[in-house]
Amino acid sequence: MTRAAVVIAGVAIAAGSTTAFADMDRYTSGAHSWRTGGGKQVGLQDTKGDGNSVKAEYNRNRPSNSLYTLWNHSGRGTKVYSNKGGTVWDMRVCTEIDKWPDDCSNWWSDDH
């Protein structure tokens, strides 16, 4: 194996080991949520200084009908994290808009 092939293989292995669960990122015009903690935790960030709260809705441990909601009322740039639990299977993020429908992303699911 040539030196270039070894370097490429090393980069591929490193990339594969750090992207676990990075596939579950959801966005709206004012919020970002992601799966973290080995897939057992949800992160949520308010990305816009508009005074609207943001939330992540998710469930754990397929199949499950239990819906959890993680809120962030702290303003632009702040992040909050859920407690660790079972694997997060479905998730979406929403910006709460008073007296209007919430601005929500599509659901992401590991049940494809």
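Here are a few things to note about the model shown:
- Residue ID - nearest to Asp25 (Cα to Cα), chosen from residues in region 85-95 that are out of contact with any Phe, Trp or Tyr (no Cβ under 6 Å at 6 or more places or on another chain), modelled with pLDDT under 95 and not aromatic (Phe, Trp, Tyr): Thr87
- Subset tally (residues that are touching a residue at least 60 places away in the same chain (Cβ under 8 Å), open to solvent by 40 Å² or more (accessible area, probe 1.4 Å) and within 12 Å of Ala56 (Cβ to Cβ)) for region 72-104: 2
- Any hit, region 25-33, residues being at pLDDT 95 or above and not small (Gly, Ala, Ser): yes
- Every residue from region 38-55 that is within 27 Å of Gly86 (Cα to Cα), of a type in the set (D, E, K, R) and either out of contact with any Lys or Arg (no Cβ under 7 Å at 6 or more places or on another chain) or open to solvent by less than 40 Å² (accessible area, probe 1.4 Å) (or both): Asp46, Lys55
- Here region 22-37 is the region considered, the condition is being part of a strand (DSSP E or B) and open to solvent by less than 10 Å² (accessible area, probe 1.4 Å), and the residue that is nearest to Arg60 (Cα to Cα) is Ser33.
- Among residues of region 35-49 that are free of Cβ contacts under 8 Å to residues at least 12 places away in the same chain, none has a Cβ under 7 angstrom from a residue that is surrounded by fewer than 20 Cβ atoms within 10 Å (Cβ to Cβ) and of a type outside the set (Gly, Ala, Ser) at a sequence gap of 6+ or on a separate chain.
The values are calculated or read from the model by the stated rules, or taken from the named source; none is laboratory data. Predicted, not measured: the structure shown is a model, and the values here were computed from it. Cβ: placed from backbone, ideal geometry, glycine included. Neighbour counts: every protein chain shown. Heavy atoms of the whole protein, side chains included, go into the accessibility calculation; ligands, DNA and RNA do not. Shrake-Rupley method; radii C 1.70, N 1.55, O 1.52, S 1.80 Å.
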